[in-house]
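Remarks on the structure that follows.
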Amino acid sequence: MIGIKGLEKKMDGRLILSQVSVTFEPGRISAICGPSGSGKTTLLRCINGLTTFDGGSVVVGSVAYRGTTSGTDVAAVQQIRKSVGFVFQAYHLFAHRTVMENIVEAPIYVAQVKDSEAKSRASALLERLGLAQRAGAYPRELSGGEQQRVAIARALAMNPEALLFDEPTSALDPSRRVEIARILSDLRKEGRTIVVVSHDMDFVGEIADDIVLLTHGRVMSQGKAQDVLALVRT
């Protein structure tokens, strides 16, 4: 479970997020939606400390940290990052490393997993995501859809309790959208907490159980997906 309470974020004196309070439940896909500049990605990045915030708190499982103008609780953020995977919009794969090397780096160097175990887990993930033959390829040799799946495998390699996705369909054609929807559905069945930032309301309507609608950094509506979508479309 991820809980956010009273979260505030300022940038250059401008309020980016204002008193945001939401809860993301395990075994459900929650979408954060809203117009460009509404604070969607900023909120997502605050969850695992990629972006600092000025007030309020974030709780992931049993670990909590508070926003402060004096800095971030580094120990808490590091602990949270071990249980929360982040799939970036631009994937951010290491260009000089193969697919296999990209996936095993965090388990080996962060979680101290043995090389053989990390590679075995990575191979199983690549098989699951239809990339078994691409283990030795470099990111430049992959299609956008393949890079997206490698980024998902890299996040899953740490066996996270929660997964955060920033605009997972922004650069994908319709057939790949269907593929990502299937992957997300499978991950939900495993009981993970899944949070997706997206401007694609059709995709959100297909996959989301719950929606948080942001406007100008404030929560304008939140609840079951069908209820929020009905409100948006009226």
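The values are calculated or read from the model by the stated rules, or taken from the named source; none is laboratory data. As the structure is a computational prediction, the values presented were derived from the model and not from experiment. Don't worry about glycine lacking a Cβ; one is built from the backbone with ideal geometry, like all the others, and counts go over all protein chains shown. Keep in mind that these areas ignore ligands, DNA and RNA; they rest on the heavy atoms of the full protein, side chains included. Shrake-Rupley method; radii C 1.70, N 1.55, O 1.52, S 1.80 Å.
Could you check the simple spin-label distance between D186 and A132, using points 7 Å along Cα→Cβ, in nm with one decimal?
1.2 nm
Could you sort out which of K9/K189; K82/K114; K10/K82; K9/K224; K5/K189; K114/K189 sit more than 23 Å apart by Cα distance in this structure?
Violating the 23 Å Cα-Cα cut-off are K9/K189; K10/K82; K9/K224; K5/K189; K114/K189.
Where does helix 144-156 land angle-wise versus the long Cα axis of the chain, in degrees 0 to 90, nearest 10?
80 degrees
222 nm [θ] for the chain, helices only, -39500 (n - 2.57) per DSSP H run of 4+, per residue, to 500?
Helix contribution divided over all residues of the chain: -11500 deg cm²/dmol.
Based on DSSP, what percent of beta bridges with both residues in the chain are antiparallel, to the nearest 5?
55 percent
If you roll a 1.4 Å probe over the heavy atoms of the protein chains, what accessible area per residue do you get for the stretch 110-234, in Å²?
Here the per-residue accessible area is 49 Å².
Ignoring ligands, DNA and RNA, please state the percent of accessible area on the stretch 1-46 from carbon and sulfur, probe 1.4 Å.
45 percent
Cα axis of helix 74-83 to longest principal axis of the chain: angle in degrees, 0 to 90, nearest 10?
The two axes meet at around 60 degrees.
Net charge near Q112: determine it from the other residues with C-beta under 15 Å of the C-beta of Q112, scoring Lys and Arg +1 and Asp and Glu -1.
+2
On full extension of the chain, what length is gained from A124 through L15, given 0.36 nm per residue of separation minus the C-alpha to C-alpha distance?
Gain on extension, A124 to L15, equals 34.9 nm.
For the chain, give the magnitude of the charge dipole about the Cα centre (Cβ charges: +1 Lys/Arg, -1 Asp/Glu; no others), in debye to the nearest 20.
220 debye
Out of (1) 17.5, 54; (2) 18.4, 60; (3) 18.7, 57, which label holds the value of Rg and Dmax of the Cα atoms in Å that was computed here?
The value matching this structure is (1).
Where in the stretch 201-234 is the amide nitrogen less than 15 Å from a point lying 7 Å along the Cα-to-Cβ axis of M1?
Correct set: none at all.
Given a 1.4 Å probe and every protein chain left where it sits, what share in percent of the accessible area of the stretch 89-234 is carbon and sulfur?
Of the solvent-accessible surface of the stretch 89-234, carbon and sulfur hold 49 percent.
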